[in-house]
Each structure stands twice: as C-alpha cells, then as structure tokens.
Amino acid sequence: MLKCPGQDTRYWKPDDIFDLPCPVCDTAVEFLKTDSRRTCQNCGYSFRNPRLELGCAKWCAYAEECLGFAPEQAPPDNEIGPVTEQLIAGMKSQFDNDYKRIAHALRVFECARELLSAEGGDARVVIAAALLHDVGIKEAEHKYGGDHQRHHEAEGPSIARRIMADIGLGEATIEQVCHIIADRHRSDEVETLEFRIVWDADALVNLLETPTSGDGEQRAEIVERMFKTGTGKKKAYELLAN
C-alpha cells in the first residue's frame, strides 16, 4: 500500500513535529503529529499526545494498517482544566524530584479518568483523590523513616486538604477526597463509587508496575478479590492476559 499524504512526512509542515514537556520531569519529548504516545528518555514516563492528529484516518479503510492502531482506539481528548493543572502542580510540589512517585500518581490519574468515563461518579472528587492519594509519603518518611508505609495515609489528608483549599475546592469535595486518602488501603471501608474508582485505578497501575505471577485461576482470584468496579475488573483481566 502506498503511504497516504496525511501520513507521508514529505507533505508535512514544520509544526507537525514538535516537543512537549514530560509531565513528570519537564524534559522535552519529541512527538510526530500522528504519535499517540511517547516515552520520556529521562524518567521513562509514557504519556499521550494531546495534539494527536488523525486526519483522513478517521474514515480511511486502511487506517489501522497505516497508523498501527484503529482510530477508535485513539486516546480521548487530553485537555485538562485549570483545577486539575493546579492539583498536578500541588502533587508535584510534595514529591519534588521523586519522578517515580510523580509518574505513579499521573498513571493513577489517567487510569481513574478512564474508569470515571465508564462508571460515572463525581469527577472532581475522583481526579483530586487520584492525584493526591500518596501525598503523605514524604512526610511519613521524614517522621517515621523505614516505618513510613503504615503512617502515610494518616499524614496525607492534612496535606491534601491544604492543596485543595489553596485551589478553592469546596468543603464537601475536600472531605470526600480526604476520606478516600485516609482509608484507601482498607477494602472494608469501600463506601462510595468514587472510592471504588480510585481504589481500582491504583490497583491497575500497581499491576502494570509490578506484574503478578501465578496461573490463570490464581490471577482470576486476585482480580475478583482486589477490584471493586466492573470496568476495573475487565481492565485487570485484560492486563493479566497479556
């Protein structure tokens, strides 16, 4: 098949190849207009192209062969509002140059948005809780050293509350987010849809970052035990099947 003009770089304009800052470490990452994702060479974070241009691929019968993915699988609009941008900035300020934890929070945020789209729920609560769910780690490390794991959920709510109050989020939203952060590792505390979405988003990212061993039956048992939403379970099964 001849390459179509929309994908043939001979027909591209100078701004069809551009740099975007990595959301984690701010390193410039080069994108082609047709790239759906790229990986930062500095910190290893893979992120979506907010300026993805599909052009004729939206209707062309050869789109998947040409692009390497079906147009309907293209990521949704990546535009985020100023409140989300401020939440991201607040989260990053807590982690400083800890790129691994910043990347984890952004992956949970991205996954939570996908679950939110399928499951519904209060978007502001889900997004804030997904981004801020680990903000107590640094303070817990400072206070408790190697014993920080069981303390960071106690430290997180007050830090998250300050970040959200500075942004101007309402008290009802702040209370819900703080509840999720304080109880997010206690499965018996699952009470709201927003809680379940953030729980599943974090669990899915943990599966990506730390693959689970075991046979099919053992993995199915893990999915049924760990995940709280139908969409989360479906995505977990897809991950474990690969």
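The values are calculated or read from the model by the stated rules, or taken from the named source; none is laboratory data. What you see is a predicted model, and the numbers here were worked out from it, not measured in a lab. Positions of Cβ are backbone-derived with ideal geometry, glycine not excepted, and every protein chain shown enters the neighbour counts.
For every residue, the table says whether it meets (1) under 20 Å from Met91 (Cα atoms); (2) touching a helix residue (DSSP H, G or I) at 6+ places or on another chain (Cβ under 9 Å); (3) at pLDDT below 90; (4) assigned to a loop (DSSP other than H, G, I, E, B).
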| position | (1), (2), (3), (4) |
| --- | --- |
| Asp19 | no, no, no, no |
| Val24 | yes, yes, no, yes |
| Asp35 | no, no, yes, yes |
| Gln41 | no, no, no, yes |
| Phe47 | yes, yes, yes, no |
| Glu53 | no, yes, yes, yes |
| Cys56 | no, yes, yes, no |
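Quick one: what pairs do we get from the range 145-165, first residue on the phi > 0 side of the Ramachandran plot, second at pLDDT below 70 and surrounded by fewer than 21 Cβ atoms within 10 Å (Cβ to Cβ), C-beta under 8 Å, 6+ apart or different chains? Listed pairs, sorted by first residue: none to list. For the range 184-229, a tally of residues being surrounded by 13 or more Cβ atoms within 10 Å (Cβ to Cβ) and either at pLDDT 90 or above or not in a loop (DSSP other than H, G, I, E, B) (or both) returns 25. Note on the range 103-132: residues that are within 8 Å of the chain's Cα centre (by Cα) and charged (D, E, K, R) total 3.
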